[in-house]
Every structure is written in C-alpha cells, then in structure tokens.
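To start, the structure itself, in structure tokens.
The values are calculated or read from the model by the stated rules, or taken from the named source; none is laboratory data. Keep in mind the model is a prediction, meaning the values are calculated, not measured. All Cβ positions, even for glycine, are placed from backbone atoms using ideal geometry, and neighbour counts span all protein chains on display. Calculation scope for accessible area: heavy atoms of the full protein, side chains included, ligands and nucleic acids excluded. Shrake-Rupley method; radii C 1.70, N 1.55, O 1.52, S 1.80 Å.
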Amino acid sequence: MRESTINLQDPVHSRKEIINMRGVFVTGTGTEVGKTVTAALLLKVLRDEGISAFPVKPVQTGCPEIEGRLSAPDLEFSLRIAGLQPDARMLDL
C-alpha cells in the first residue's frame with residue numbers, strides 16, 4: 001500500500017494528487033475522537049479548492065427524531081461546515 005501525503009500549499013502537485021483520488025476514508029478508534037470534525041474540515045478544504053467532494057456517512061449511531069423526522073447530526077454537521085444545503089428531502093431518513 002502506497003502512502004501519500006498531500007501538501008495543499010503546493011498547488012501543482014497537490015491538485016494533481018487530489019483530482020486523481022477516488023475517495024478518502026476517515027476512521028478512528030472510538031467515539032468522540034474527532035472523525036466527524038476531521039472529515040468535515042477536509043470536505044471544506046477540498047470544496048474550497050474547487051474539488052467536487054461530498055460526504056457519505058453510511059452508518060450513523062443515534063439518530064434523534066427532530067420535527068417528526070430522523071436526523072443524522074454528523075452528516076448534517078459536515079454539510080453545514082462545507083456550505084452545502086441539500087434539499088430537505090435528501091436528508092429524509
């Protein structure tokens with residue numbers, strides 16, 4: 001497995017590396033270790049660089065019911081940090 005370090009301060013090298021990426025997987029060893037915040041900030045940086053990036057949260061533990069619908073707070077946080085405002089139907093769980 002090849003490790004890759006991307007330096008966003010190097011516009012030529014980093015942009016090529018980022019464009020060729022198919023995805024980024026953020027993982028951690030427990031709850032409340034910063035996975036959501038890290039992923040949200042990474043998403044924001046990529047989108048600020050003009051990269052068409054979006055979050056995917058395949059599993060959400062604890063979906064509270066808010067105003068009659070289930071909520072995915074981690075995904076909604078990531079979308080908000082990145083400045084994305086999906087149609088409410090897209091978040092309908």
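Show me, for the stretch 48-62, the HN-Hα J-couplings you get by feeding each phi into the Karplus relation (A = 6.51, B = -1.76, C = 1.60, θ = phi - 60°), rounded to Hz, glycine and proline as x. Result, ordered by residue: 5, 7, x, 8, 6, 10, 8, x, 9, 10, x, 9, 10, 8, x Hz.
Between Arg69 and Val24, what FRET efficiency follows from the Cβ-Cβ distance if R0 is 25 Å, with the result rounded to 0.05? Rounded to the nearest 0.05, the efficiency is 0.30.
Quick one: which of 73-81, 48-56, 28-36 comes out on top by average Cβ neighbours within 10 Å, and what's the full order, highest first? Provide the component values of the computation, followed by the final result.
Working: 73-81: 17.9, 48-56: 12.8, 28-36: 10.4.
Put in order of decreasing packing, that is 73-81, 48-56, 28-36.
In the context of the full set of protein chains, residues of the stretch 22-93 present 77 Å² of accessible surface per residue (probe radius 1.4 Å, heavy atoms only).
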